[in-house]
Amino acid sequence: MKGTIEGHVSLLIENVHILTIDENYLEFESGFIAVDGQKIVDVGDMRAGRAIYTADRVIDGRGRFAIPGLINTHTHSAMVLFRGYANDLPLWEWLSEKIWPLEDELVDEDIYWLSLLAMAEMIKSGTTTFSDMYMFMEETARAVDEVGMRAALARGLQGPDENSDLRLKENRQLWENWHGAAGARIKVMVGPHAIYTCSTEYLRKCIELAYELDTGIHIHISETEKEVRDCLDEHGKTPVAYLDELGLFSLPTLA
């Protein structure tokens, strides 16, 4: 795990219990982490670290664990604003009667600031990467670019309605403007919200767009007992079987 820089680095963390979570689950009970600028350049046994590196700043990590950054695999980061709001209601009632009317009042600048707040909370918890599905996603991308996290972003898609084609266009534009951006820290996926907010034909359009962009799908699946029951009643199969029949799982899918 030795890096390319020996000698002086900007930061050296010493005496820390390191769990690498690599393929061999390599562990250093008294390890060092050498950081130069914004890059970790070396991780290893403390005795080697003392011999190799000096640093502008040294942190004693005794009594602490160091692990790779955590990944939050499903977020609507700007919804940090709604934390705890009407959280005693069934999902559909919560969405249709409480959340969606409030979301209709949001503007693009709101999403930027709320995404920043959510990212500050994620970083504080040790989360360095997140997968997000929402609206005004260019604003979330702008926040990711500034903060320095990694993110897989998707425009939440619903349809058909008067805005369903516009949402698909926004997802495409998000991919064109931000996929691979911010030093390759941002990836863009296609985000059909769920089977209960997307018709079969609209789901096919989402799948077609993902194929065209050569990217993956981010979708809610089997969130509630009601969703599963309704899908069995309408299609004669579970949500997973229904989406599999549509070919969704031939794409990389975050479910």
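The values are calculated or read from the model by the stated rules, or taken from the named source; none is laboratory data. The shown structure was predicted, so the numbers you read here are calculated from the model rather than taken from an experiment. Cβ: placed from backbone, ideal geometry, glycine included. Neighbour counts: every protein chain shown. We work out accessible area using only protein heavy atoms, side chains counted, and drop any ligands, DNA or RNA first. Shrake-Rupley method; radii C 1.70, N 1.55, O 1.52, S 1.80 Å.
Flag: Thr128 matches the condition of being within 23 Å of Leu254 (Cβ to Cβ) and in a strand (DSSP E or B).
What do you reckon, is Asp214 farther than 19 Å from Glu139 by Cα, surrounded by fewer than 17 Cβ atoms within 10 Å (Cβ to Cβ) and under 19 Å from the mean Cα position of the chain (by Cα)? So Asp214 fits the description; yes. Taking region 76-96 as the range and being in a loop (DSSP other than H, G, I, E, B), more than 27 Å from Ala143 (Cβ to Cβ) and of a type outside the set (Asp, Glu) as the test, the residues that pass are Leu89, Pro90. Screening the candidates Ile111, Ile99 for the property of being open to solvent by less than 20 Å² (accessible area, probe 1.4 Å), farther than 25 Å from Gly183 by Cβ and part of a helix (DSSP H, G or I) yields one hit, Ile99.
Listed here are the residues, each with its yes/no results for (1) modelled with pLDDT under 95; (2) among the polar types (S, T, N, Q); (3) touching a strand residue (DSSP E or B) at 6+ places or on another chain (Cβ under 8 Å); (4) open to solvent by 20 Å² or more (accessible area, probe 1.4 Å).
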| residue | (1), (2), (3), (4) |
| --- | --- |
| Asn177 | no, yes, no, yes |
| Val190 | no, no, yes, no |
| Ser199 | no, yes, yes, yes |
| Asp230 | no, no, no, yes |
| Pro252 | no, no, yes, yes |
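Being modelled with pLDDT of 95 or more, part of a strand (DSSP E or B), out of contact with any helix residue (DSSP H, G or I) (no Cβ under 7 Å at 6 or more places or on another chain) and polar (S, T, N, Q) is true of Thr73. Going by the structure shown, is Ala78 closer than 30 Å to Thr224 by Cα and either open to solvent by 80 Å² or more (accessible area, probe 1.4 Å) or touching a residue at least 12 places away in the same chain (Cβ under 8 Å) (or both)? Yes; evaluated as a whole, the condition is true for this residue.
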